[in-house]
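Asks: I have a structure I would like to understand better, so I am pasting it below and will then ask my questions one at a time.
The values are calculated or read from the model by the stated rules, or taken from the named source; none is laboratory data. Bear in mind the structure is a predicted one, so any value in this text is a computation, not a measurement. Because the Cβ atoms are built from the backbone with ideal geometry, glycine has one as well, and the counts that use them run over all protein chains shown. Heads up: the accessible areas ignore ligands, DNA and RNA and are worked out on the full protein's heavy atoms, side chains in. Shrake-Rupley method; radii C 1.70, N 1.55, O 1.52, S 1.80 Å.
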Amino acid sequence: MTTSSSAAAPAALAHYDRATIVFHWLTALLVVGLFALAEAWGFLPRGTPTRRLLQSLHISFGLLFAAVFVLRAAWRLSAGRRLPPATTGWFRIASTGAHGLLYALMAAQIVLGFLFRWAQGEPFAFFGLFDVPTLIAIDRERRHFIGGLHNTVAWTIVILALLHALAGLFHHYFLRDGVLRRMLSSR
C-alpha cells in the first residue's frame with residue numbers, strides 16, 4: 001500500500017447513504033442531459049418543431065434539475081451521511097474547492113435559467129403540466145447578456161464535472177484509495 005491509500009483506508013470503508021448517491025448520479029445525469037439538449041438544438045434551424053421540442057424538454061428537465069438540486073442541498077445539510085475526508089493536503093483542498101464551486105455554479109445556473117426564460121417572455125412550462133409564472137420583467141438587452149452567461153456557466157459546469165469524474169477515476173485506478181467506491185454503493 002502507498003502512503004496515500006493507507007491514510008485513506010478507514011475513509012474508504014465508508015459509503016454515502018443511498019439518497020446521497022441517488023442525488024449525486026441524478027444530478028450528473030441531468031447536467032449532461034441538459035447540456036446535450038442545448039447543444040443539439042443549436043444544429044437545428046430556428047422555429048422547427050424538433051428544435052422547439054428540444055427546448056421544451058430542456059426547460060422541463062431544467063425545472064426538474066432545480067428541484068433535485070434543492071432537495072440534494074437540503075438532504076446534504078440535514079440527514080445526509082457525513083464521511084470523514086478521504087484525502088489530506090492539496091487533494092483535500094482541491095476536492096473541497098471543486099465541490100463548493102460546482103454547487104455554487106449549479107445554483108447560479110438555476111437562477112440564470114429562470115431569469116433567461118422570463119426574459120424571453122415565452123411560456124415556461126413543466127412537461128405541459130403547469131406553467132411557471134413570470135416574476136420579473138427583463139428587457140431585451142439583459143436577455144442576451146443572461147443567455148450568454150447561462151451558456152458560459154453551462155460550459156464551466158461541464159468542464160468541472162469532467163475534471164471531477166477524472167479525479168474519481170484517478171483515485172480509483174492510480175491511488176486505489178476507495179474514494180470512488182464511496183459514491184457507488186451504500187452497501
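Asks: Given a 1.4 angstrom probe, I'd like the percentage of the accessible area of the chain that is carbon and sulfur, rounded to a whole number. Working shown, then result.
Replies: On the way: 8200 of 11730 Å².
Carbon and sulfur together cover 70 percent of it.
Asks: Something else: Using only Cα atoms and rounding to the nearest 10 degrees, what angle (0 to 90) does helix 18-41 make with the longest principal axis of the chain?
Replies: Computed tilt is about 40 degrees.
Asks: Can you work out ³J(HN,Hα) from phi for every residue in the range 142-152, in order, using Karplus 6.51 cos²θ - 1.76 cosθ + 1.60 and θ = phi - 60°, giving whole Hz and x for Gly and Pro?
Replies: Coupling constants for the range 142-152: 5, 4, 5, 5, 5, x, x, 5, 4, 5, 5 Hz.
Asks: For the range 18-183, what does the relative contact order come out to in percent, with C-alpha contacts under 8 Å and a separation of six or more?
Replies: Numbers: 122 pairs, mean separation 37.9, N = 166.
It rounds to 23 percent for the range 18-183.
Asks: Compute the length gained on full extension between residue 78 and residue 176: take 0.36 nm times their separation in residues and subtract their Cα-Cα distance, giving the result in nm to one decimal. Please report the intermediate quantities before stating the final value.
Replies: On the way: separation 98, 0.36 × 98 = 35.28 nm, distance 3.02 nm.
Additional length available on full extension: 32.3 nm.
Asks: Suppose the Debye formula is applied to equal point scatterers at every Cα of the range 18-183; what is log10 I(q)/I(0) at q = 0.10, 0.16, 0.17, 0.19 Å⁻¹?
Replies: -0.44, -1.00, -1.10, -1.29
Asks: Here's another thing I want to ask about it. Between residue 19 and residue 71, what is the label-point separation in nm under the 7 Å Cα-to-beta-carbon projection?
Replies: 1.0 nm
Asks: For the chain, what is the accessible area per residue in Å², given a 1.4 Å probe and the full set of protein chains?
Replies: Working: 11730 Å² over 187 residues.
With all protein chains present, the chain gives 63 Å² per residue.
Asks: Here's a follow-up. List every residue whose amide H lies under 5 Å from the amide H of residue 125, counting only residues 5 or more places away in sequence or on a different chain, with H placed 1.01 Å from N in the peptide plane.
Replies: Distant-sequence amide H within range of residue 125: 132.
Asks: Full extension from residue 145 to residue 111: what is 0.36 nm times the residue separation minus their Cα-Cα distance, to one decimal in nm?
Replies: On the way: separation 34, 0.36 × 34 = 12.24 nm, distance 1.37 nm.
Roughly 10.9 nm would be gained on extension.
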